[in-house]
Amino acid sequence: MTGTDILYLVIPCYNEEAVLPETAKRLLEKMNSMLERKMISEKSRILFVNDGSKDRTWEIIEELHGENPIYSGVKLSRNKGHQNALLAGLMTAKERSDMTISLDADLQDDIDVIDEMVEKYYAGNDVVYGVRSARKTDTFFKKFTAQGFYKMMQMMGVDVVYNHADYRLMSRRALEGLEEFKEVNLFLRGIVPLIGYSSDVVTYERHERFAGESKYPLKKMLALAMDGITSFSIKPIRFITTCGFLIFAVSLLMLVYFLVVHFTGRTVHGWTSTIVSIWAIGGLQLLAIGIVGEYIGKIYMETKERPKYIIEKTLDTREETAGDSL
Ligand code: UDP
Ligand code: MG
(Lines give C-alpha, C1' and ligand atoms only; values in the text may rest on other atoms or scores of the structure.)
(Ligands and ions follow the chains in the order given, each with its own letter.)
Protein backbone atom coordinates (compact mmCIF):
# COMPACT_ATOMS: atom_id res chain seq x y z
CA MET A 1 0.00 0.00 0.00
CA THR A 2 1.49 3.33 -1.03
CA GLY A 3 -0.75 5.51 1.13
CA THR A 4 -0.06 8.63 -0.85
CA ASP A 5 -2.91 8.38 -3.32
CA ILE A 6 -5.60 11.02 -3.26
CA LEU A 7 -9.18 9.88 -2.68
CA TYR A 8 -12.23 11.94 -3.60
CA LEU A 9 -15.65 10.97 -2.32
CA VAL A 10 -18.23 12.26 -4.81
CA ILE A 11 -21.75 12.80 -3.50
CA PRO A 12 -24.60 14.11 -5.66
CA CYS A 13 -27.14 16.00 -3.54
CA TYR A 14 -30.62 17.09 -4.49
CA ASN A 15 -32.68 18.69 -1.71
CA GLU A 16 -30.71 16.86 0.94
CA GLU A 17 -30.68 19.45 3.75
CA ALA A 18 -32.18 16.86 6.12
CA VAL A 19 -29.34 14.38 5.75
CA LEU A 20 -26.34 16.47 4.76
CA PRO A 21 -24.96 17.51 8.19
CA GLU A 22 -25.07 13.94 9.47
CA THR A 23 -23.67 12.53 6.23
CA ALA A 24 -20.83 15.06 6.34
CA LYS A 25 -20.02 14.09 9.93
CA ARG A 26 -19.93 10.37 9.24
CA LEU A 27 -17.86 10.77 6.09
CA LEU A 28 -15.37 12.98 7.92
CA GLU A 29 -14.91 10.29 10.59
CA LYS A 30 -14.32 7.76 7.83
CA MET A 31 -11.77 9.97 6.08
CA ASN A 32 -9.98 10.74 9.33
CA SER A 33 -9.68 7.09 10.22
CA MET A 34 -8.21 6.34 6.80
CA LEU A 35 -5.85 9.31 7.09
CA GLU A 36 -4.65 8.06 10.47
CA ARG A 37 -3.92 4.66 9.02
CA LYS A 38 -2.07 6.41 6.15
CA MET A 39 -4.33 4.76 3.58
CA ILE A 40 -4.94 7.98 1.67
CA SER A 41 -3.21 11.28 1.04
CA GLU A 42 -3.81 14.45 3.06
CA LYS A 43 -5.08 16.02 -0.17
CA SER A 44 -8.13 13.76 -0.16
CA ARG A 45 -11.53 15.48 -0.21
CA ILE A 46 -15.25 14.99 0.26
CA LEU A 47 -16.87 16.53 -2.80
CA PHE A 48 -20.57 17.41 -2.70
CA VAL A 49 -22.33 18.14 -5.96
CA ASN A 50 -25.38 20.33 -5.53
CA ASP A 51 -27.78 19.28 -8.26
CA GLY A 52 -29.85 22.47 -8.37
CA SER A 53 -31.43 21.92 -4.96
CA LYS A 54 -34.35 24.11 -3.97
CA ASP A 55 -33.58 23.94 -0.25
CA ARG A 56 -30.58 24.93 1.87
CA THR A 57 -28.31 22.20 0.51
CA TRP A 58 -25.80 24.58 -1.09
CA GLU A 59 -25.65 26.85 1.96
CA ILE A 60 -24.87 23.81 4.10
CA ILE A 61 -22.09 22.76 1.70
CA GLU A 62 -20.61 26.26 1.88
CA GLU A 63 -20.75 26.22 5.67
CA LEU A 64 -19.05 22.83 5.76
CA HIS A 65 -16.32 24.07 3.45
CA GLY A 66 -15.78 27.05 5.73
CA GLU A 67 -15.40 24.79 8.76
CA ASN A 68 -13.03 22.30 7.22
CA PRO A 69 -11.40 22.46 3.79
CA ILE A 70 -11.69 18.69 3.43
CA TYR A 71 -15.28 19.43 2.36
CA SER A 72 -15.50 20.77 -1.14
CA GLY A 73 -18.41 21.43 -3.44
CA VAL A 74 -19.58 21.82 -6.98
CA LYS A 75 -22.76 23.66 -7.76
CA LEU A 76 -24.67 22.84 -10.91
CA SER A 77 -26.59 25.60 -12.64
CA ARG A 78 -29.86 23.68 -12.27
CA ASN A 79 -31.25 20.25 -11.56
CA LYS A 80 -29.77 17.90 -14.14
CA GLY A 81 -30.59 14.59 -12.54
CA HIS A 82 -28.57 12.14 -10.51
CA GLN A 83 -26.49 10.72 -13.39
CA ASN A 84 -25.41 14.09 -14.73
CA ALA A 85 -24.67 15.44 -11.26
CA LEU A 86 -22.54 12.40 -10.58
CA LEU A 87 -20.64 12.82 -13.83
CA ALA A 88 -20.02 16.49 -13.10
CA GLY A 89 -18.56 15.50 -9.74
CA LEU A 90 -16.43 12.71 -11.17
CA MET A 91 -15.01 14.92 -13.90
CA THR A 92 -14.15 17.61 -11.38
CA ALA A 93 -12.50 15.04 -9.13
CA LYS A 94 -10.59 13.47 -12.02
CA GLU A 95 -8.27 16.45 -12.30
CA ARG A 96 -7.42 16.38 -8.62
CA SER A 97 -7.42 12.77 -7.49
CA ASP A 98 -6.03 9.30 -8.05
CA MET A 99 -9.26 7.53 -7.18
CA THR A 100 -12.88 8.51 -6.61
CA ILE A 101 -15.73 6.81 -4.82
CA SER A 102 -19.28 7.82 -5.73
CA LEU A 103 -22.03 7.42 -3.17
CA ASP A 104 -25.49 8.71 -2.33
CA ALA A 105 -26.05 11.52 0.14
CA ASP A 106 -28.41 9.43 2.26
CA LEU A 107 -25.64 6.91 3.11
CA GLN A 108 -27.85 3.97 2.19
CA ASP A 109 -24.67 2.42 0.90
CA ASP A 110 -22.60 1.11 3.76
CA ILE A 111 -19.59 3.43 4.09
CA ASP A 112 -17.64 0.81 6.03
CA VAL A 113 -16.73 -0.97 2.80
CA ILE A 114 -14.85 2.12 1.60
CA ASP A 115 -11.67 0.74 3.20
CA GLU A 116 -12.09 -2.49 1.31
CA MET A 117 -12.62 -0.59 -1.94
CA VAL A 118 -9.45 1.40 -1.41
CA GLU A 119 -7.50 -1.77 -0.61
CA LYS A 120 -8.74 -3.33 -3.82
CA TYR A 121 -7.65 -0.20 -5.67
CA TYR A 122 -4.13 -0.54 -4.23
CA ALA A 123 -4.23 -4.21 -5.25
CA GLY A 124 -4.36 -2.99 -8.83
CA ASN A 125 -8.05 -2.62 -9.70
CA ASP A 126 -9.24 0.37 -11.66
CA VAL A 127 -12.92 -0.12 -10.89
CA VAL A 128 -14.40 -1.57 -7.69
CA TYR A 129 -18.17 -2.11 -7.80
CA GLY A 130 -20.23 -1.96 -4.63
CA VAL A 131 -22.81 -4.73 -4.85
CA ARG A 132 -25.82 -5.10 -2.56
CA SER A 133 -26.01 -8.42 -0.83
CA ALA A 134 -29.48 -7.93 0.62
CA ARG A 135 -32.42 -5.66 0.10
CA LYS A 136 -33.99 -6.26 3.47
CA THR A 137 -34.80 -2.64 4.15
CA ASP A 138 -36.25 -1.82 0.75
CA THR A 139 -40.01 -1.96 0.38
CA PHE A 140 -41.44 -4.87 -1.58
CA PHE A 141 -42.32 -2.50 -4.38
CA LYS A 142 -38.79 -1.07 -4.63
CA LYS A 143 -37.27 -4.55 -4.52
CA PHE A 144 -39.64 -5.84 -7.17
CA THR A 145 -39.18 -2.91 -9.56
CA ALA A 146 -35.40 -2.85 -9.06
CA GLN A 147 -35.02 -6.55 -9.75
CA GLY A 148 -37.32 -6.36 -12.76
CA PHE A 149 -35.13 -3.54 -14.01
CA TYR A 150 -31.89 -5.58 -13.85
CA LYS A 151 -33.57 -8.57 -15.53
CA MET A 152 -34.94 -6.42 -18.32
CA MET A 153 -31.57 -4.75 -18.90
CA GLN A 154 -29.93 -8.14 -19.26
CA MET A 155 -32.62 -9.27 -21.67
CA MET A 156 -32.02 -6.18 -23.76
CA GLY A 157 -28.34 -7.02 -23.95
CA VAL A 158 -27.02 -4.25 -21.69
CA ASP A 159 -24.04 -5.39 -19.65
CA VAL A 160 -24.85 -4.24 -16.10
CA VAL A 161 -23.47 -5.54 -12.82
CA TYR A 162 -26.36 -7.15 -10.96
CA ASN A 163 -27.52 -5.24 -7.87
CA HIS A 164 -24.88 -2.58 -8.34
CA ALA A 165 -26.12 1.00 -8.25
CA ASP A 166 -23.70 3.89 -8.46
CA TYR A 167 -21.59 3.07 -5.43
CA ARG A 168 -18.19 2.42 -6.92
CA LEU A 169 -14.54 3.30 -6.87
CA MET A 170 -12.92 4.46 -10.09
CA SER A 171 -9.27 5.17 -10.69
CA ARG A 172 -8.10 8.22 -12.52
CA ARG A 173 -7.46 6.38 -15.74
CA ALA A 174 -10.90 4.73 -15.59
CA LEU A 175 -12.34 8.25 -15.38
CA GLU A 176 -10.21 9.31 -18.31
CA GLY A 177 -11.75 6.38 -20.19
CA LEU A 178 -15.22 7.47 -19.12
CA GLU A 179 -14.54 10.94 -20.44
CA GLU A 180 -14.12 9.49 -23.93
CA PHE A 181 -17.78 8.48 -23.98
CA LYS A 182 -19.38 11.51 -25.53
CA GLU A 183 -23.00 10.47 -25.26
CA VAL A 184 -25.61 12.84 -23.97
CA ASN A 185 -28.01 10.18 -22.64
CA LEU A 186 -25.95 9.07 -19.77
CA PHE A 187 -26.37 5.76 -18.02
CA LEU A 188 -23.18 5.30 -15.99
CA ARG A 189 -23.97 1.78 -14.79
CA GLY A 190 -24.00 0.61 -18.38
CA ILE A 191 -20.95 2.58 -19.50
CA VAL A 192 -18.49 1.76 -16.73
CA PRO A 193 -18.22 -1.95 -17.66
CA LEU A 194 -17.48 -0.85 -21.25
CA ILE A 195 -14.39 1.08 -20.13
CA GLY A 196 -12.67 -2.20 -19.27
CA TYR A 197 -9.53 -2.49 -17.08
CA SER A 198 -9.38 -4.86 -14.16
CA SER A 199 -12.25 -4.62 -11.72
CA ASP A 200 -13.42 -6.19 -8.49
CA VAL A 201 -16.52 -6.26 -6.35
CA VAL A 202 -17.25 -5.58 -2.68
CA THR A 203 -20.57 -6.59 -1.15
CA TYR A 204 -22.53 -4.71 1.47
CA GLU A 205 -25.99 -4.47 2.95
CA ARG A 206 -28.06 -1.50 1.96
CA HIS A 207 -29.44 0.53 4.85
CA GLU A 208 -32.55 2.59 5.13
CA ARG A 209 -32.46 6.30 4.37
CA PHE A 210 -31.92 7.89 7.80
CA ALA A 211 -33.74 11.11 6.95
CA GLY A 212 -35.49 12.83 4.09
CA GLU A 213 -37.38 11.20 1.26
CA SER A 214 -36.32 9.24 -1.76
CA LYS A 215 -35.58 11.57 -4.65
CA TYR A 216 -36.32 8.73 -7.02
CA PRO A 217 -40.07 8.50 -7.34
CA LEU A 218 -41.51 5.90 -9.72
CA LYS A 219 -41.54 8.43 -12.56
CA LYS A 220 -37.78 9.06 -12.35
CA MET A 221 -37.11 5.34 -11.91
CA LEU A 222 -39.01 4.51 -15.08
CA ALA A 223 -37.21 7.30 -16.92
CA LEU A 224 -33.86 5.88 -15.78
CA ALA A 225 -34.83 2.37 -16.90
CA MET A 226 -36.02 3.68 -20.26
CA ASP A 227 -32.78 5.65 -20.70
CA GLY A 228 -30.79 2.59 -19.75
CA ILE A 229 -32.41 0.50 -22.43
CA THR A 230 -32.74 2.99 -25.24
CA SER A 231 -29.27 4.42 -24.86
CA PHE A 232 -27.57 1.05 -25.08
CA SER A 233 -29.64 -1.12 -27.27
CA ILE A 234 -31.44 -1.00 -30.59
CA LYS A 235 -33.21 -4.24 -29.74
CA PRO A 236 -36.63 -2.58 -29.54
CA ILE A 237 -36.17 -1.50 -33.18
CA ARG A 238 -35.09 -5.02 -34.14
CA PHE A 239 -38.24 -6.30 -32.48
CA ILE A 240 -40.39 -4.22 -34.85
CA THR A 241 -38.47 -5.57 -37.84
CA THR A 242 -39.00 -9.13 -36.63
CA CYS A 243 -42.72 -8.53 -36.09
CA GLY A 244 -43.06 -7.08 -39.57
CA PHE A 245 -41.24 -10.00 -41.09
CA LEU A 246 -43.35 -12.56 -39.23
CA ILE A 247 -46.66 -10.89 -40.05
CA PHE A 248 -45.66 -10.66 -43.70
CA ALA A 249 -44.67 -14.34 -43.73
CA VAL A 250 -47.99 -15.25 -42.10
CA SER A 251 -49.81 -13.17 -44.68
CA LEU A 252 -48.27 -15.25 -47.45
CA LEU A 253 -49.50 -18.44 -45.80
CA MET A 254 -52.89 -16.85 -45.29
CA LEU A 255 -52.94 -15.90 -48.95
CA VAL A 256 -52.82 -19.57 -49.88
CA TYR A 257 -55.65 -20.30 -47.49
CA PHE A 258 -57.72 -17.34 -48.69
CA LEU A 259 -57.29 -18.39 -52.31
CA VAL A 260 -58.40 -21.94 -51.51
CA VAL A 261 -61.47 -20.55 -49.74
CA HIS A 262 -62.06 -18.20 -52.63
CA PHE A 263 -61.90 -20.84 -55.35
CA THR A 264 -63.96 -23.36 -53.45
CA GLY A 265 -66.53 -20.59 -53.32
CA ARG A 266 -67.11 -20.69 -49.61
CA THR A 267 -66.92 -16.94 -49.14
CA VAL A 268 -68.61 -13.66 -49.98
CA HIS A 269 -67.42 -11.55 -52.88
CA GLY A 270 -64.62 -9.08 -52.03
CA TRP A 271 -63.58 -10.70 -48.76
CA THR A 272 -60.41 -12.32 -50.10
CA SER A 273 -58.90 -9.19 -51.59
CA THR A 274 -59.73 -7.13 -48.49
CA ILE A 275 -58.32 -9.55 -45.97
CA VAL A 276 -55.17 -10.26 -48.01
CA SER A 277 -54.38 -6.57 -48.30
CA ILE A 278 -54.90 -6.00 -44.59
CA TRP A 279 -52.40 -8.69 -43.64
CA ALA A 280 -49.85 -8.20 -46.39
CA ILE A 281 -49.79 -4.40 -46.22
CA GLY A 282 -49.75 -4.44 -42.44
CA GLY A 283 -46.78 -6.80 -42.39
CA LEU A 284 -44.94 -4.90 -45.10
CA GLN A 285 -45.47 -1.61 -43.29
CA LEU A 286 -44.04 -2.90 -40.05
CA LEU A 287 -41.13 -4.42 -41.91
CA ALA A 288 -40.48 -1.13 -43.67
CA ILE A 289 -40.62 0.83 -40.41
CA GLY A 290 -38.22 -1.70 -38.92
CA ILE A 291 -35.76 -1.28 -41.79
CA VAL A 292 -35.90 2.51 -41.54
CA GLY A 293 -35.45 2.07 -37.80
CA GLU A 294 -32.40 -0.07 -38.42
CA TYR A 295 -30.75 2.88 -40.20
CA ILE A 296 -31.85 5.30 -37.52
CA GLY A 297 -30.33 2.89 -35.01
CA LYS A 298 -27.03 3.06 -36.92
CA ILE A 299 -27.11 6.85 -37.03
CA TYR A 300 -27.98 6.86 -33.36
CA MET A 301 -25.02 4.70 -32.45
CA GLU A 302 -22.73 6.81 -34.66
CA THR A 303 -23.79 10.11 -33.17
CA LYS A 304 -22.71 8.89 -29.76
CA GLU A 305 -19.09 9.03 -30.94
CA ARG A 306 -18.15 6.41 -28.43
CA PRO A 307 -14.49 5.54 -28.27
CA LYS A 308 -13.76 2.42 -30.27
CA TYR A 309 -11.10 1.33 -27.82
CA ILE A 310 -9.26 2.46 -24.74
CA ILE A 311 -5.58 1.56 -24.54
CA GLU A 312 -4.65 -0.01 -21.23
CA LYS A 313 -0.94 -0.19 -21.66
CA THR A 314 1.63 0.77 -24.27
CA LEU A 315 4.94 -0.94 -24.57
CA ASP A 316 7.06 1.57 -26.36
CA THR A 317 8.88 -0.18 -29.20
CA ARG A 318 10.83 2.92 -30.14
CA GLU A 319 13.11 2.51 -27.17
CA GLU A 320 13.96 -1.04 -28.18
CA THR A 321 14.89 -0.06 -31.72
CA ALA A 322 16.94 2.83 -30.42
CA GLY A 323 18.80 0.41 -28.17
CA ASP A 324 19.37 -2.02 -31.03
CA SER A 325 20.99 0.59 -33.23
CA LEU A 326 23.61 1.40 -30.63
N1 UDP B 1 -30.12 12.95 -6.69
C2 UDP B 1 -29.61 14.00 -7.48
N3 UDP B 1 -30.43 14.57 -8.42
C4 UDP B 1 -31.73 14.17 -8.61
C5 UDP B 1 -32.21 13.08 -7.82
C6 UDP B 1 -31.39 12.51 -6.87
O7 UDP B 1 -28.45 14.39 -7.36
O8 UDP B 1 -32.41 14.74 -9.47
C9 UDP B 1 -29.22 12.33 -5.67
C10 UDP B 1 -29.78 12.31 -4.27
O11 UDP B 1 -29.50 13.51 -3.58
C12 UDP B 1 -29.05 11.13 -3.66
C13 UDP B 1 -28.87 10.19 -4.85
O14 UDP B 1 -29.06 10.99 -6.02
O15 UDP B 1 -27.77 11.47 -3.17
C16 UDP B 1 -29.83 9.02 -4.82
O17 UDP B 1 -31.15 9.48 -4.63
P18 UDP B 1 -32.17 8.77 -3.63
O19 UDP B 1 -31.47 8.34 -2.38
O20 UDP B 1 -33.33 9.68 -3.46
O21 UDP B 1 -32.60 7.50 -4.50
P22 UDP B 1 -32.98 6.02 -3.95
O23 UDP B 1 -31.94 5.62 -2.97
O24 UDP B 1 -34.33 6.17 -3.35
O25 UDP B 1 -32.99 5.19 -5.19
MG1 MG C 1 -31.29 6.61 -1.42
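Across Trp58, Trp271, the residue with the most accessible area heads the list, and the full order at a 1.4 Å probe is Trp271, Trp58. Sequentially through segment 54-66, phi angles give Karplus couplings (6.51, -1.76, 1.60; θ = phi - 60°) of 9, 10, 7, 3, 5, 4, 4, 4, 4, 4, 4, 4, x Hz, Gly and Pro residues having no value and appearing as x. Listed by chain and number, the lysines whose alpha-carbon sits under 21 Å from that of Lys25, ignoring those within fewer than 8 places in the same chain, are Lys38, Lys43, Lys75. GNM remark for the chain: springs join alpha carbons under 10 Å apart, and the peak mean-square fluctuation among Ile61, Ile46, Ile111 falls on Ile111.
Surface composition of the chain: carbon plus sulfur atoms contribute 60% of the solvent-accessible area (1.4 Å probe, protein chains only, all chains present). The spread of Cα positions in the chain, taken along each principal axis and listed from longest to shortest, comes to 93, 69, 36 Å. Between Glu62 and Glu179, the distance separating the two model label sites (each 7 Å from Cα on the Cα→Cβ line) works out to 2.9 nm. Solvent-accessible area per residue in the chain equals 55 Å², computed with a 1.4 angstrom probe and all protein chains kept. Pair-distance distribution P(r) for segment 1-141, from all Cα-Cα distances in 5 Å bins starting at 0: 2, 10, 20, 23, 21, 14, 8, 3, 0 percent. Within a straight-line Cα-Cα reach of under 16 Å, Lys142 can be paired with the following lysines, leaving aside sequence neighbours fewer than 8 residues apart in one chain: Lys151, Lys215, Lys219, Lys220. Across segment 166-293, the convex hull enclosing all Cα atoms gives 216 Å³ per residue.
A full extension of the chain between Lys38 and Glu213 corresponds to an added length of 59.4 nm, given 0.36 nm per residue minus the alpha carbon distance. Solvent-accessible area of Thr4, all protein chains in place: 100 Å² (probe radius 1.4 Å, heavy atoms, ligands and nucleic acids excluded). Amide H contacts under 5 Å for Ser72: Ile46, Leu47, Phe48, restricted to partners 5 or more places along the chain or on a different chain, H placed in the peptide plane at 1.01 Å from N.
Of all aspartates and glutamates in the structure, those lying under 16 Å Cα to Cα from Lys94, and not within fewer than 8 positions of it along the same chain, are Asp5, Asp126, Glu176, Glu179, Glu180.
The values are calculated or read from the model by the stated rules, or taken from the named source; none is laboratory data. Source: prediction; values computed, not measured. Positions of Cβ are backbone-derived with ideal geometry, glycine not excepted, and every protein chain shown enters the neighbour counts. These area figures cover heavy atoms from the full protein model, side chains too; ligands, DNA and RNA do not enter into them. Shrake-Rupley method; radii C 1.70, N 1.55, O 1.52, S 1.80 Å.
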